[in-house]
Amino acid sequence: MNLIINGKTVTVGEEIETVQHLLQAQNLHERVVIVELNKNILQKEEHSDASLKDGDALEVVSFVGGG
Amino acid sequence: MNLIINGKTVTVGEEIETVQHLLQAQNLHERVVIVELNKNILQKEEHSDASLKDGDALEVVSFVGGG
Amino acid sequence: MNLIINGKTVTVGEEIETVQHLLQAQNLHERVVIVELNKNILQKEEHSDASLKDGDALEVVSFVGGG
Amino acid sequence: MNLIINGKTVTVGEEIETVQHLLQAQNLHERVVIVELNKNILQKEEHSDASLKDGDALEVVSFVGGG
Amino acid sequence: MLKIGQYTFNSRLLLGTGKFPDFTTQRQAVEESETEILTFAVRRMDIFDQNQPNLLEALDVKRFTLLPNTAGAKNAEEAVRIAKLAKASGLCDMVKVEVIGCDKTLLPDPVETLKASEELLKEGFTVLPYTSDDVLLARRLEELGVHAIMPGASPIGSGQGIINPLNMRFIIEQSTVPVIVDAGIGTASDAAQAMELGADGVLLNTAVSGAKDPVKMARAMKLAIEAGRAAFEAGRIEKKQYATASSPTEGMSIG
Amino acid sequence: MLKIGQYTFNSRLLLGTGKFPDFTTQRQAVEESETEILTFAVRRMDIFDQNQPNLLEALDVKRFTLLPNTAGAKNAEEAVRIAKLAKASGLCDMVKVEVIGCDKTLLPDPVETLKASEELLKEGFTVLPYTSDDVLLARRLEELGVHAIMPGASPIGSGQGIINPLNMRFIIEQSTVPVIVDAGIGTASDAAQAMELGADGVLLNTAVSGAKDPVKMARAMKLAIEAGRAAFEAGRIEKKQYATASSPTEGMSIG
Amino acid sequence: MLKIGQYTFNSRLLLGTGKFPDFTTQRQAVEESETEILTFAVRRMDIFDQNQPNLLEALDVKRFTLLPNTAGAKNAEEAVRIAKLAKASGLCDMVKVEVIGCDKTLLPDPVETLKASEELLKEGFTVLPYTSDDVLLARRLEELGVHAIMPGASPIGSGQGIINPLNMRFIIEQSTVPVIVDAGIGTASDAAQAMELGADGVLLNTAVSGAKDPVKMARAMKLAIEAGRAAFEAGRIEKKQYATASSPTEGMSIG
Amino acid sequence: MLKIGQYTFNSRLLLGTGKFPDFTTQRQAVEESETEILTFAVRRMDIFDQNQPNLLEALDVKRFTLLPNTAGAKNAEEAVRIAKLAKASGLCDMVKVEVIGCDKTLLPDPVETLKASEELLKEGFTVLPYTSDDVLLARRLEELGVHAIMPGASPIGSGQGIINPLNMRFIIEQSTVPVIVDAGIGTASDAAQAMELGADGVLLNTAVSGAKDPVKMARAMKLAIEAGRAAFEAGRIEKKQYATASSPTEGMSIG
């Protein structure tokens, strides 16, 4: 399945059915990660129910140093 | 006839039929005077055609020192 | 005996034979007092030996608030 | 004859008998030149009487731009 | 040459007409200043008072470009109305947009100033807004199409001069329309500094009318603005922390 | 009118002659500045170099009062000698006493400056010492009988302008001889400010000779000094923290 | 106690987390500063780079209130989106509204800042807008209901300190919500001055992270803010032009 | 550690004891300031007035190093005499040389200050002259062998802070003995600035004793001096005219 993550097309395995799966696969589920799925910002608790389908566009952002 | 000039009610003679008459009566027709008749700003050349009727509200303003 | 203390003439009893006596008489011997006897500045330990005679001029100064 | 001019030893012809001669030889007699002969500052009018002998030390200065 | 909209001027001094001790002093000060632009306010007049002095008649208005302000307006609507009244005099189509947001500081309200400027531009006025030294606000006004930007040096009549020369320079650097430093000028060196920063002109009033000798101060301001402009064009030396000799340092030890 | 010793001048600008790009620019700058007093330094010359340019001959010295400085002197003795050499030219009896105590800041040595001034006064010179803005040092110099006090605005050639206007005002208020602000002037508004503080004149060099366009800057300085003087005489408005309307505040609400 | 919205803090220092040489230095600087509020930016992450360091994990975020900024937003819409993304982390509901209008000066756009603040207030955020020192703009923001006003002292990272203390004081005097001086602080005395003007807090970043020794500078800032606050509460002496003796002037002539 | 002559101190604050509202406030202010050096003046006392309060007895003098000043002296001779009187108390051998040359500005006389310092050094005193910010005068004093230089920030009690930071820095850079900024400090940020310039200490009096709350201001000054010193040691960022982002500028456009 193809996803557009932060503007780049990425192919992920079929086992990745939800945003939560995607983050777990990268070991990010424990970390501060914010996901926007098809322009819809997800709260942390929505990650597990947010199912992914081919062509979905995700923004994945975090906090970095800033003033 | 009663006019409301700059907020105050003033009684003027029947011979005052236009804004021009009003200004002439006060010797102001030669001077820098701007008249608003019933919220409608008059150009200088409109003064002579602007007829006055009882109860008309006029604003009469001029230039003063300012920065 | 007359002394000139800080510019003013003062009469003191015969029992006042030294600067130390003078200070003791005013209960100042324990305090921070600096004495100049006839233009000669006395160290604290010299007070008891500094004998006074009629007409001696004394400056008596102390510390006050200052910046 | 040797002269020390501004610290440098210079040999000049026998015809140079005065400061005036020296300046004329260099076409400086009309210009703003100040001469000190053996630590003695000369006024302009003294130049013609100031005779030079072997070993004399001269300072020759002028005005330059300054603030 | 100072160009504002379709107007051009030799003088870079815009002079306010408020608070002069008397008309004679004012007329002489205006003369000495060699200004070509005079600002005015619009106010109700008592038409039944014959002897009410009239400022304009004390001056030969034909010789000046009149710049009425919208002082007194608390919002865009009032400002627009005052501007239209002024224009109805047939004497001017320029206006200084002045919408004060605070009686204590007499500083302008950014939102209403933007609104009023936009509206008056639609109405075809030549628009000169009095604004703060907010750099992006100045840019917004320029984007609307105003004919000049008039940032304040410091509060009106305070005579504190240019408190923030950095913002002033930023506004001047970014602007493609003339920048006229307005309000807060206290003395000649303030006006010169404004010009040295690259301003196209200076608008002042109290600094002249409130001086002990307004006529002489008018002349001082004229000279200062010419001086500041010349210095700006001449290109000043850079500031250095340490010193640099003006007299030669070599060959100093004489004898 | 500026009076220094027995001399009187219409111009209040004293111009240094150092570091101009070329003699032509210098001559034009001198013209534009309308100065009547030119400063110079005294240096050894190479009498065997015919073509060595001579500054004075590039100018019609008769038209100017010459003010040689003692730049290069490290102590009073050297300063006195340089002054005497200058006087021996028969062209001047004025001298700018300049005894530098530090090569980095080029600031004057107070003790040697006092000594040199005292000695030169004995010798009958018209003495103008360059000094710091130390108020009591200025008073000491005046007590010696110097003909003018020349406090520095900031380090020579630094162009930082008047760093301490308070000391400058104190010096001006206490002085009965002319006070000429010397050194540190960077641009026109600095010169205007000096005059607004009440100075009797300004001596500058690098601000003009180092400008991109020295001739235009010379003109800017001339105008600025006139502007500042006029502003000083006119009596500026006081600075206020808050604003004061220049347009009438009453009868504002129109209709 | 500093109260912002429903939050209260003992420290009046808000510390940015940008541009520290390394996480260790940053952690120590944060410790020394004793700040309780840390600002952050929101950025895309590369989810496929495991070792990508995560700032928050370098700090014990539970101990701090997080204040994400909307840096990078060019308009209100982008700012609102960044704020919502930050809030979706579940870690914060405060936001520093930062809509930059110019890349060179990094000064804020007044119109977009107003829009973004209004929208985010509707969304229930605790809103702290970074704004210029435009006094009426600050008032407009307060009228919208923002929880604190954050006027810039000078351009971000410029270290120029408070260029316009007058506007800063006006903003502080008129505000009923906390005023936090944000941007431009260069060193400890700048922070102290901000507090002496009556500011409720100071937000800084580069002054600490860019110092040669960020940890020591963090401590300097903590002390300076306490010093400035204490001085503000203590009530400073008035400035006088002339001197006033601190030692008694009477009875001076001894003998 | 501040070393003056053979003395060393942890605190860099020297506190004057003049003009406190009462002894209790003074004692508390001294406590809060954590100063280790107290300045005093020497005056005639009325030995026949028993209840005459004695300042020293209100404080535990053993805990402090006493620094009597020579205030009141109009010349070197008077200063030397006052210093000797102070020393005869057996409580101190340090002295603040203070020879005032002008009652209006209370600025020091350079010549008499040099003379008095030279004489007192001969007499074996630890000499701390109060001087102007004249850079070469400070060097002259150091050449005499004084144990610290104490340049004034602005006139005594004026609270104007450091008017000429450039001279102050020059003095600090050239000095091999401690430089203590004395006189003119008005509030905490002034003291912090003095330390940021690299001063070794600050001497103040009126700023604390004249504050509405002297005790709190004493604490403010203590903190400010620590803050300023830490900032000096930390190495501040350089001032830049334009801005530098603290948040990352790359990867800003999100989605």
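Note that the stretch H:194-206 has calculated 3J(HN,Hα) couplings of 4, 5, 5, 6, x, 4, 8, x, 9, 10, 9, 9, 4 Hz, one per residue in order, obtained from phi through the Karplus relation 6.51 cos²θ - 1.76 cosθ + 1.60 (θ = phi - 60°); glycine and proline are x.
Would you mind checking the tilt of helix E:135-144 against the longest principal axis of the Cα atoms of chain E, expressed as 0 to 90 degrees and rounded to 10? Between the helix axis and the principal axis of chain E, the angle is about 50 degrees.
Could you point to the residue in G:51, G:106, G:92 farthest towards the positive end of the stretch G:48-141's charge dipole, with +1 and -1 charges on the Cβ of Lys/Arg and Asp/Glu respectively? The residue sitting farthest along the positive end of the dipole is G:92. Restriction of the GluC sites (Glu not before Pro) in chain C to DSSP coil positions whose beta-carbon has at most 12 other beta-carbons within 10 angstrom yields C:14, C:15, C:30. Taking all Cα-Cα distances within the stretch G:74-204, those exceeding 20 Å account for 41%. Counting only Cβ charges, +1 for Lys and Arg and -1 for Asp and Glu, the dipole size of the stretch C:1-47 around its Cα centre is about 260 debye. The distance linking the stretch E:186-255 with the stretch G:204-242 is 35 Å (Cα centroid to Cα centroid, whole angstrom). Taken over the Cα atoms of the stretch F:2-233, the convex hull encloses 117 Å³ per residue. Here's the list of lysines a cross-link from residue E:74 could span, going by alpha-carbon distance under 25 Å and ignoring same-chain residues fewer than 8 apart: B:8, B:39, E:19, E:84, E:87, E:96, E:104, E:115, E:122, F:240, G:115.
For the stretch F:190-255, which trypsin sites (Lys or Arg not before Pro) are both in a DSSP coil and crowded by at most 14 other Cβ atoms within 10 Å?
F:212, F:239
Contact order for the stretch E:2-233, expressed relative to its length and based on alpha carbon pairs under 8 Å spaced 6+ residues apart, stands at 21 percent.
Between G:205, G:164, G:69, the GNM of chain G built on Cα springs shorter than 10 angstrom shows G:164 fluctuating the most. Per residue, the average separation of C-alpha pairs within less than 8 Å and at least 6 apart gives the stretch H:134-182 a relative contact order of 49 percent.
What number results when the radius of gyration of the stretch G:187-255, computed over Cα atoms, is divided by 2.2 N^0.38 Å?
Cα-based Rg divided by the globular estimate yields 1.65.
Kirkwood hydrodynamic radius of the stretch E:22-146, from the reciprocal of the average inverse Cα-Cα distance over all distinct pairs: 15.6 Å.
Our note on the geometry: Cα centres of the stretch H:1-75 and the stretch D:15-33, 72 Å apart. Scaled against 2.2 N^0.38 Å for its residue count N, the alpha carbon radius of gyration of the protein assembly as shown is 1.10. Taking the Cα centre of the protein assembly as shown as origin and assigning +1 to Lys and Arg Cβ atoms and -1 to Asp and Glu Cβ atoms, the resulting dipole is close to 0 debye. Measure nothing but the geometry: give the 0 to 90° angle between the long axis through the Cα atoms of F:214-234 and the longest principal axis through the Cα atoms of chain F, rounded to 10°. The two axes meet at around 50 degrees. Computed from point charges on the beta carbon alone (+1 for Lys and Arg, -1 for Asp and Glu), the dipole magnitude for chain E about its Cα centre is near 160 Debye.
Working note: Debye formula, equal point scatterers on the alpha-carbon atoms of chain A, no solvent; log10 I(q)/I(0) at q = 0.20 Å⁻¹ is -0.76. Gyration tensor analysis over the Cα atoms of the stretch E:144-220 returns equivalent ellipsoid semi-axes of 22, 12, 11 Å (largest first, whole Å). Take every DSSP beta bridge whose two residues both sit in the stretch E:40-176; close to 10 percent of them are antiparallel. Relative to the longest principal axis of the Cα atoms of chain H, the long axis of helix H:110-122 makes an angle of roughly 70 degrees.
Averaged over the residues of peptide E:96-106, the number of Cβ atoms from other protein chains lying within 10 Å of each residue's Cβ is 5.
If you run the Gaussian network model on chain E, springs between alpha carbon atoms under 10 Å, then out of E:118, E:196, E:233 the most flexible one is E:233. Projecting the Cα positions of H:195, H:39, H:24 onto the charge dipole of the stretch H:2-233 (unit charges on Cβ atoms of Lys, Arg, Asp and Glu, taken about the Cα centre) puts H:24 furthest along the positive direction. Shielding value for E:210-219 is 5, the average number of Cβ atoms from other chains within 10 Å of each residue's Cβ. Note on the stretch H:2-233: antiparallel DSSP beta bridges, both residues inside, total approximately 15 percent of the bridges counted. Residues considered: H:89, H:175, H:117. Largest GNM mean-square fluctuation over chain H, using C-alpha springs under 10 Å, is found at H:89. The mean count of C-beta atoms from other chains within 10 Å of the C-beta of residues in B:14-20, rounded to a whole number, is 0.
Every number in this text was worked out from the coordinates using simple rules, so none of it is lab data. Treat the numbers as computed from the prediction; the structure is a model and nothing was measured. Note: ideal-geometry Cβ built from the backbone for every residue, glycine included; neighbour counts use all protein chains shown.
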